[in-house]
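For reference, the structure is listed below as C-alpha cells.
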Amino acid sequence: MNATIIIDKDFQIARVDDRLFGSFVEHLGRCVYTGIFEPEHETADENGFRSDVIDLVNALRVPIIRYPGGNFVSAYNWEDGIGPVEERPTRLDLAWRTLEPNTFGLNEFMKWSKRVHADPLMTVNLGTLGIDNARNMVEYCNLEKGTYWSDLRRTHGIEKPHNIRTWCLGNEMDGPWQIGHKTPMEYGRLARETGKAMKLVDPSIELVTCGSSKYIMPTFPQWEVETLEHTYDIADYISMHNYYGNWDGNTSEYLALNVEVEDFIHTVKAACDYVKAKKRSSKTMMICFDEWNIWFHNKQEDKKLMSQEILPTATPLLEEYYTHEDALLVGALLISLLKNADRVKIACIAQLVNVIAPIIAEKGGKAWRQTIYFPFQHVSLYGRGIALEPMVSSPTYESDRFGPVPYVESIAVLSEERKELVVFAVNRNLEEPIDLHVELRSGNFRTVIDHQVMTANTLKDTNSCEGEIIRPVHSKKHAADERGITVSLPKASWNMIRLG
Ligand code: AHR
C-alpha cells in the first residue's frame with residue numbers, strides 16, 4: 001500500500017505554542033504522594049522530590065503543568081497547604097475520598113516545577129469556594145510585598161513572588177460529579193466575577209474558563225455558548241477535556257478516535273466564534289485542552305474501591321498500564337492537536353506520574369516509561385515550530401462511527417531553529433506496512449536525519465518495571481528520489497521522520 005503527504009513550507013497552519021506539550025499533576029492516588037514526592041525514596045532530594053522522576057519528566061520537556069486538580073480542586077483550600085508543614089491539617093478529600101495530609105502544597109509544587117523547568121497552570125476552587133479565596137491566592141502568589149497575603153508568603157520564606165501567569169477558573173463545572181456543580185448561568189456569573197477580581201489583583205494574568213468536560217456531555221455545546229456570554233471578556237482561553245478508551249475491544253474503531261477530537265475542537269471553535277460575533281468582540285478565544293489522554297483500563301475497579309471506605313493517602317488509583325495500541329492513539333491525538341495549532345494553544349496530557357500517566361514511579365522502587373511516553377516525547381521535542389497543512393492521501397478503511405478513515409494519519413512541522421522538517425505519522429493498518437511518500441513542494445529537506453519507529457509484537461503489549469519492551473528504534477527503511485523521500489511505515493506503527 002502507498003500513501004502520500006505533500007509538504008509545502010508556505011502552507012502554514014500556525015506556529016505551535018510550546019504549551020501544547022503540557023501535563024497535569026493532581027492530588028489523586030499516587031501522583032503527588034509516592035509519585036513526584038516521596039521523602040523516603042533513595043533518589044529523593046532535600047525537598048523529598050524524587051530525582052528519578054524529575055529526570056524522566058525533564059526528558060519530556062513539559063513546559064506547563066496544571067495543578068492541583070482536577071476534581072480535587074473543587075473542595076480544596078490552598079491555604080491548607082502553606083506555612084509550617086507540622087501545622088497543616090489533614091483533610092478528607094471528597095473528590096477521591098482520600099486522606100489529604102497537605103504535606104505537599106502550593107509552595108512545594110512551585111519549587112518542584114522549577115526543577116522540571118515548567119510553568120504552573122494553576123486552578124482555583126469554584127466548587128465550594130469563590131471570589132475571595134481566588135483573589136487571595138493571586139495576591140499570595142503574584143504580589144511582591146506590602147499586602148496581607150504577599151507578606152504572609154514572605155513569612156513562609158518565599159521572598160520573590162511566584163508570578164503565576166495562567167489560571168483556570170475551576171474544573172469541570174458542567175459535570176454532575178463535580179463538587180459544587182453549576183448550571184451555565186451560575187458558573188458563568190461566578191467565573192466572570194472571580195476572574196474580574198483576580199485580574200484586578202494582577203492585570204497581567206491569563207484566565208481559562210471552563211468548557212465541557214467531555215464531548216458526549218448532554219450540555220455540550222450549549223454550555224460553551226451560555227457560559228461564554230458571561231466570561232468572554234475576562235477569559236483568554238476556554239478549556240476542553242476528553243479521555244478515550246477501547247471499550248469494545250475494537251482496535252480499528254479505537255484508533256480512529258482522533259477524528260472525534262477534531263470534531264470536538266471544531267465545535268468548540270464554532271461556539272466561541274458565535275459568541276464573539278454576538279458580542280461584536282475583536283478577541284478570538286483560544287483553546288486550552290487541559291485534560292486529554294486514555295483512561296478506561298481500570299475505571300470500574302477504581303469506582304468500586306472509592307465506593308467503599310475512606311482511602312489512605314497514596315492509594316493507587318487510575319493506574320493504567322498502557323498498551324502499544326494506546327500509544328498509537330496518543331500519537332494520532334497529538335497529530336490532531338498539531339493540526340489545530342491555530343486555536344489550541346495549551347494542552348495537558350493527563351496526568352504526568354502514576355495516575356493515567358506516561359511515567360510510573362514504583363513506591364520505593366524504580367521509575368519507568370510507559371508506551372505512551374515515547375510518541376509524546378517525540379512530538380514535544382521535535383514538534384515545535386510551524387505546523388504545516390497536512391495534505392495527505394491515503395487508502396482508507398471503513399469505520400462504523402466515522403465512515404472512511406485514512407490508514408495514515410500524518411503532519412509535518414517545520415523547525416526553523418533546527419532547520420529541519422519533521423514528519424509524524426501513524427500507520428493504522430493492522431495487517432500491512434505502508435510506503436509513505438513525502439513529497440516536498442518547497443524547501444530542500446532531502447536527507448533523513450533520523451527515522452524513529454515504534455512497533456510491538458502484539459497490540460496489547462505493555463511496558464513494565466521489568467522492562468521497557470516497547471520503545472522507538474531507529475529505522476533505515478527509506479529512500480530518496482527527485483521529488484522527496486519514501487519511508488516504510490510498518491503495520492500498526494508510530495513514526496517520526498526528521499528531514500534536514
Ligand atoms: O484526570 C482525572 C480526572 O478526570 C480529573 O480529576 C477530572 O478533572 C477529570 O474528570
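Just one of the numbered conditions (1) more than 30 Å from Ala235 (Cβ to Cβ); (2) within 16 Å of the ligand (Cβ to nearest atom) is not true of Ala361: (2). In this structure, does Gly245 turn out to be crowded, with 20+ Cβ neighbours inside 10 Å and farther than 30 Å from Lys145 by Cβ? When the stated conditions are applied, Gly245 does not pass them. Of all residues in the range 301-329, those satisfying the criterion of being out of contact with any Ser or Thr (no Cβ under 6 Å at 6 or more places or on another chain), surrounded by fewer than 21 Cβ atoms within 10 Å (Cβ to Cβ) and closer than 22 Å to Asn463 by Cα are Glu301, Asp302, Thr315, Pro316, Glu319. Could you list, in sequence order, the residues of the range 32-56 that are within 16 Å of the ligand (Cβ to nearest atom) and closer than 16 Å to Asp93 by Cβ? Of everything in the range 32-56, those that are within 16 Å of the ligand (Cβ to nearest atom) and closer than 16 Å to Asp93 by Cβ turn out to be Val32, Tyr33, Gly35. Being buried (at least 24 other Cβ atoms within 10 Å of the Cβ), at pLDDT 95 or above, hydrophobic (A, V, I, L, M, F, W, C) and outside any strand (DSSP E or B) is true for just one of Leu60, Leu56, Leu20. Which residue is that? Testing whether each residue is buried (at least 24 other Cβ atoms within 10 Å of the Cβ), at pLDDT 95 or above, hydrophobic (A, V, I, L, M, F, W, C) and outside any strand (DSSP E or B) leaves just Leu20.
Just so you know, in the range 188-221 the residues that are in a helix (DSSP H, G or I) and in contact with a Gly (Cβ under 9 Å, 6 or more places away or on another chain) include one that is surrounded by the fewest Cβ atoms within 10 Å (Cβ to Cβ), and it is Glu193.
Each row is one residue, and each column tells you yes or no for (1) within 16 Å of the ligand (Cβ to nearest atom); (2) among the polar types (S, T, N, Q).
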{"position": "Arg30", "(1), (2)": "yes, no"}
{"position": "Asn71", "(1), (2)": "yes, yes"}
{"position": "Gly81", "(1), (2)": "no, no"}
{"position": "Arg88", "(1), (2)": "no, no"}
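Condition check ((1) among the acidic types (Asp, Glu); (2) surrounded by 16 or more Cβ atoms within 10 Å (Cβ to Cβ)) across all residues:
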{"site": "Glu420", "(1), (2)": "yes, yes"}
{"site": "Phe424", "(1), (2)": "no, yes"}
{"site": "Val438", "(1), (2)": "no, yes"}
{"site": "Ser442", "(1), (2)": "no, no"}
{"site": "Ile469", "(1), (2)": "no, no"}
{"site": "Val473", "(1), (2)": "no, no"}
{"site": "His478", "(1), (2)": "no, yes"}
{"site": "Thr486", "(1), (2)": "no, yes"}
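When Asp202, Asp236, Asp248, Asp151 are checked against the criterion of being within 28 Å of Asp326 (Cα to Cα) and either away from the ligand (no atom under 16 Å from the Cβ) or in contact with a Lys or Arg (Cβ under 9 Å, 6 or more places away or on another chain) (or both), Asp248 stands alone in meeting it.
Looking across Ile346, Ile335, Ile310, one residue alone is of a type in the set (A, V, I, L, M), touching a residue at least 60 places away in the same chain (Cβ under 8 Å) and touching a Cys at 6+ places or on another chain (Cβ under 6 Å). It is Ile346. When only residues in the range 140-154 that are of a type outside the set (S, T, N, Q) and farther than 22 Å from Phe104 by Cβ count, which is surrounded by the most Cβ atoms within 10 Å (Cβ to Cβ)? Going through the qualifying residues, I end up with Leu143. Restricting attention to the range 79-118, the residues being of a type in the set (S, T, N, Q), under 21 Å from Leu318 (Cα atoms) and in a loop (DSSP other than H, G, I, E, B) number 1.
Taking the range 226-236 as the range and being among the hydrophobic types (A, V, I, L, M, F, W, C) and either surrounded by 24 or more Cβ atoms within 10 Å (Cβ to Cβ) or more than 24 Å from Leu121 (Cα to Cα) (or both) as the test, the residues that pass are Leu228, Ala235.
Consider Thr313 carefully, then state whether it is touching a strand residue (DSSP E or B) at 6+ places or on another chain (Cβ under 7 Å) and closer than 30 Å to Tyr373 by Cα. So Thr313 passes the test. A Cβ distance below 8 Å, combined with a sequence gap of six or more or placement on separate chains, defines the contacts here; from the range 172-187, residues that are under 20 Å from Cys288 (Cα atoms) reach residues that are of a type in the set (Val, Ile, Thr) and surrounded by fewer than 19 Cβ atoms within 10 Å (Cβ to Cβ) in the pairs Asp174/Thr219; Pro184/Thr219.
Set side by side, the residues Gly105, Gly83 differ, and just one is surrounded by fewer than 19 Cβ atoms within 10 Å (Cβ to Cβ), in contact (Cβ under 8 Å) with a residue 24 or more places away in the chain, assigned by TED's automatic domain parsing to the domain that holds Phe374 and over 22 Å from Ile360 (Cβ atoms), which is Gly83. Residue check: Gly127 meets all listed conditions (1) in contact with a Gly (Cβ under 6 Å, 6 or more places away or on another chain); (2) more than 16 Å from the ligand (Cβ to nearest atom) but one, namely (2). Would you please name the residue that is nearest to Arg192 (Cα to Cα), looking only at residues in the range 133-152 that are among the charged types (D, E, K, R) and in contact (Cβ under 8 Å) with a residue 40 or more places away in the chain? Across the range 133-152, the extreme among qualifying residues is Arg135. Looking at the range 369-396, which of the residues that are over 19 Å from the mean Cα position of the chain (by Cα) and not small (Gly, Ala, Ser) is surrounded by the most Cβ atoms within 10 Å (Cβ to Cβ)? Checked the range 369-396; the qualifying residue surrounded by the most Cβ atoms within 10 Å (Cβ to Cβ) is Leu388. Figure legend. Inter-residue proximity from the range 207-219: first residues closer than 20 Å to Tyr244 by Cα, second residues assigned to a strand (DSSP E or B) and away from the ligand (no atom under 13 Å from the Cβ), beta-carbon distance below 7 Å, spacing 6+ or different chains. Indicated pairs: Cys210/Leu169; Gly211/Ile238.
Quick check on Arg66: is it within 16 Å of the ligand (Cβ to nearest atom) and surrounded by 24 or more Cβ atoms within 10 Å (Cβ to Cβ)? When the stated conditions are applied, Arg66 passes them.
Assessment of the range 472-490 against the conditions (of a type in the set (A, V, I, L, M), within 21 Å of Asn429 (Cβ to Cβ), in contact (Cβ under 8 Å) with a residue 12 or more places away in the chain and not in a strand (DSSP E or B)) yields no matching residue. Consider the range 155-187 and keep the residues that are within 14 Å of the ligand (Cβ to nearest atom) and small (Gly, Ala, Ser). The one that is surrounded by the most Cβ atoms within 10 Å (Cβ to Cβ) is Gly170.
The values are calculated or read from the model by the stated rules, or taken from the named source; none is laboratory data. Remember, predicted model here, so these are calculated numbers, not experimental data. Backbone-built Cβ (ideal geometry, glycine too); neighbour counts: all protein chains shown.
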